[in-house]
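Notes to accompany the following structure.
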Amino acid sequence: MKKLLLLSILFLNFICYSQKQIFESPQLSSTVKEHKVVAILPFIVKITYKKQPKNFSSDANKDQEIKMAKSIQSSMYTFLLRKADKYSVGFQDVEKTNILLKKAGISDKLDEMTKDEVAKALGVDAVVSGAFETEQTKTEAGAIVTAVLFGGFGGKTGSGSLTMMINNGADGELLWRFFKTMDDSIGTSTDDLVESMMRKVSRNFPYLK
């Protein structure tokens, strides 16, 4: 029960953004014009604790990171698919992406591959990747008490950062990078995390028509 509550807390975050950084390559505008299909990779997720919970399991924590990585990937695809008419490219179905990564034997070796190697395996023109790091500052019990007292909003449970990147498929070059720091509170899902991030990104997103 405690493990389920802990996993729910890590997924149910209300995101309060505090710092934003955006990098654009000089070749960005000319390169993205050539792109037709873009893949979204599973995000790299790192979950740490300011004070380690009782009965902490590194294996269980790793499983949570993997689940959250896929959840963010899926949420990103859903968001982009929902607004497909606003973008100049198509996005590869994430189920197909993950199957092709598995077939190529690189699904658990993405950090050992160059982005052009990954793009070649997926047959796409570019790849979207990212990282989500969070340090939980409250135990699951403390976070639940906060949720009860504040109705799921306003109680800070941790801090972290979210990074999103676009790399060119032909040569692996970094074309665009978005970085945001944040404070976490209970209240929303990874869909809302992506929604909040993309609202901040929207005007700067390279594939916006």
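Considering each of Phe43, Phe14 in turn, give the residue that is modelled with pLDDT of 80 or more and among the aromatic types (Phe, Trp, Tyr). The match here is Phe43. Report yes if Ala104 is open to solvent by 30 Å² or more (accessible area, probe 1.4 Å), of a type in the set (Gly, Ala, Ser) and more than 15 Å from the chain's Cα centre (by Cα), otherwise no. Here the answer is yes, as Ala104 does meet what is asked. Can you tell me which residues in the stretch 20-31 are touching an Asp or Glu at 6+ places or on another chain (Cβ under 9 Å) and surrounded by 15 or more Cβ atoms within 10 Å (Cβ to Cβ)? Listed by number, the residues that qualify are Ser25, Thr31. Assess whether Gly158 counts as being in contact with an Asp or Glu (Cβ under 8 Å, 6 or more places away or on another chain) and either within 21 Å of Ser74 (Cα to Cα) or at pLDDT 50 or above (or both). Yes: the conditions hold for Gly158. Selection of the stretch 82-93 for residues being part of a loop (DSSP other than H, G, I, E, B), exposed (fewer than 15 other Cβ atoms within 10 Å of the Cβ) and not charged (D, E, K, R) yields only Ser88. Out of curiosity, is Ile144 hydrophobic (A, V, I, L, M, F, W, C), in contact with a helix residue (DSSP H, G or I) (Cβ under 7 Å, 6 or more places away or on another chain) and modelled with pLDDT under 85? Considered against the rule, which asks whether it is hydrophobic (A, V, I, L, M, F, W, C), in contact with a helix residue (DSSP H, G or I) (Cβ under 7 Å, 6 or more places away or on another chain) and modelled with pLDDT under 85, Ile144 comes out as yes.
Entry remark, the stretch 109-133: residues being within 23 Å of Gly160 (Cα to Cα) and either aliphatic (A, V, I, L, M) or open to solvent by 50 Å² or more (accessible area, probe 1.4 Å) (or both) number 5 in total.
Among the candidates Pro42, Pro53, the residue that is touching a residue at least 60 places away in the same chain (Cβ under 8 Å), in a loop (DSSP other than H, G, I, E, B) and closer than 16 Å to Met164 by Cα is uniquely Pro42. Of all the residues in the stretch 49-81, those that are open to solvent by 50 Å² or more (accessible area, probe 1.4 Å) and under 17 Å from Glu133 (Cα atoms) number 9. Of the numbered criteria (1) open to solvent by less than 40 Å² (accessible area, probe 1.4 Å); (2) of a type outside the set (S, T, N, Q); (3) in contact with a Leu (Cβ under 9 Å, 6 or more places away or on another chain), the one Lys96 fails is (1). For the stretch 33-59, residues that are of a type in the set (Gly, Ala, Ser) and closer than 20 Å to Val118 by Cβ total 1.
Considered as a group, the residues in the stretch 169-189 that are touching a helix residue (DSSP H, G or I) at 6+ places or on another chain (Cβ under 7 Å) and of a type outside the set (Gly, Ala, Ser) include one that is modelled with the lowest pLDDT, and that residue is Ile186.
The values are calculated or read from the model by the stated rules, or taken from the named source; none is laboratory data. Given the structure is predicted, the values throughout are model-derived calculations rather than measurements. Cβ: placed from backbone, ideal geometry, glycine included. Neighbour counts: every protein chain shown. The area values use the complete protein model at the heavy-atom level, side chains included, leaving out ligands, DNA and RNA. Shrake-Rupley method; radii C 1.70, N 1.55, O 1.52, S 1.80 Å.
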